[in-house]
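The values are calculated or read from the model by the stated rules, or taken from the named source; none is laboratory data. These numbers come from a predicted model, not from an experiment. Ideal geometry is used to build each Cβ from the backbone, glycine not excepted, and the neighbour counts take in all protein chains shown. These accessible areas exclude ligands, DNA and RNA; they are computed on the full protein's heavy atoms, side chains included. Shrake-Rupley method; radii C 1.70, N 1.55, O 1.52, S 1.80 Å.
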Amino acid sequence: CERSPEQAIATNVVGIQNLISAVRINSIEKMIFASSDKAVNPTNVMGTSKLMGERLMTAANSNSRSNDSIFVSTRFGNVLGSNGSFVPIFNKQIIDGGPITITHKEMTRFIMSIQEAVSLLIESSLIAKGGEIFVTKMPVLKIVDLAEAMCNLIIKNDKNKIGISFIGTKPGEKLYEELMSEEERRRSIEVEKYFIILPAFRGFYKDIDYSYENIISKELDKVYNSSIEEKLSVPEIERILNKYDILNKSNYSENKRYWPGETNEN
């Protein structure tokens, strides 16, 4: 996305609007957009395009003249074990004898399993009223702690043989992520598993009752920044990796990261 922003626009903006139009034409009951925590105060093209996708979804719901279709977004953190993410890359690097490449020693991220990501999509579709953004409550880890936990599980007593190389952040990459902006915080609701960000515009053609079961709070006191939230310990990360069998499902052929601007030979 960063090197080819026109493709990001074609996919995450124009593509979303095309889907919205298709949903309306065919009277589809619900459309769920999988967004990212990178959409919050974005510093890169991918996050910016995801934010625009969220705005299109909310606008589609508020501008609809019928009650046939519901449009809602879900905001993911980093999905552990997904293709091309840090877990499969670290896994291959450890197996190959290292080093593990980490962009920055202070890098932190919100994380979720593939199972939790799927649950977010399904559960949010069941309780959605229209136009909301659903954000799962996610734990936070430091990437260096994830690397240590993976070494402990993969090579055990030989973990000290694996080095770490700090290679610098990617263009547009943040050291931390946020679950919502300050402006969004003021219109968010907390329930048991999620934060629900209500639309800034509540609808020109619809009068929607945004009421939910098991509301914990209608006034959030912080935006949830991964740099200041409590971090998982290394043993806690190990338990998560084992619980969801993430390492055994993280096969990946490459042991290095793709950097925008690299030549094809690299």
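Overview of results
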quantity	calculated
The lone exception for Glu29 - which of (1) open to solvent by 70 Å² or more (accessible area, probe 1.4 Å); (2) under 20 Å from the mean Cα position of the chain (by Cα); (3) not aromatic (Phe, Trp, Tyr) it fails	(2)
Selected residue (only one of Glu6, Glu2, Glu54 is within 26 Å of Glu177 (Cβ to Cβ), open to solvent by less than 10 Å² (accessible area, probe 1.4 Å) and of a type in the set (D, E, K, R))	Glu54
Filtered residue count, the range 161-172, keeping only those that are over 15 Å from Thr101 (Cα atoms) and either among the basic types (Lys, Arg) or surrounded by fewer than 16 Cβ atoms within 10 Å (Cβ to Cβ) (or both)	1
Unmet requirement for Ala59, which otherwise passes all of (1) at pLDDT 95 or above; (2) open to solvent by 20 Å² or more (accessible area, probe 1.4 Å)	(1)
When residues of the range 214-246 are limited to those that are polar (S, T, N, Q) and over 17 Å from Arg185 (Cα atoms), the one surrounded by the fewest Cβ atoms within 10 Å (Cβ to Cβ)	Asn214
Residue identified as free of Cβ contacts under 8 Å to residues at least 40 places away in the same chain and open to solvent by less than 40 Å² (accessible area, probe 1.4 Å) among Glu177, Glu190	Glu190
Where a residue in the range 63-86 is among the hydroxyl-bearing types (Ser, Thr, Tyr) and its partner, wherever it lies, is in a loop (DSSP other than H, G, I, E, B), with Cβ under 7 Å and at least six apart	Ser64/Tyr205; Ser64/Lys206; Ser69/Ser27; Ser69/Ile28; Ser69/Glu29
Every residue from the range 68-105 that is out of contact with any Leu (no Cβ under 6 Å at 6 or more places or on another chain), open to solvent by less than 10 Å² (accessible area, probe 1.4 Å) and in a strand (DSSP E or B)	Phe71, Val72, Ser73, Arg75, Ile100, Ile102
Cβ-Cβ under 9 Å pairs, at least 6 apart or on other chains, the range 198-210 side assigned to a loop (DSSP other than H, G, I, E, B), far side open to solvent by 100 Å² or more (accessible area, probe 1.4 Å) and at pLDDT 75 or above	Ile208/Arg202; Tyr210/Arg202
Those residues of the range 115-169 which are over 20 Å from Asn91 (Cα atoms), in contact with an Asp or Glu (Cβ under 9 Å, 6 or more places away or on another chain) and of a type in the set (D, E, K, R), in sequence order	Lys129, Lys137
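One line per residue, one yes/no per condition, for (1) touching a His at 6+ places or on another chain (Cβ under 9 Å); (2) open to solvent by less than 20 Å² (accessible area, probe 1.4 Å); (3) among the charged types (D, E, K, R); (4) within 17 Å of Ile196 (Cα to Cα):
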| site | (1), (2), (3), (4) |
| --- | --- |
| Val14 | no, no, no, no |
| Ser21 | no, no, no, no |
| Ser35 | no, yes, no, yes |
| Ser49 | no, yes, no, no |
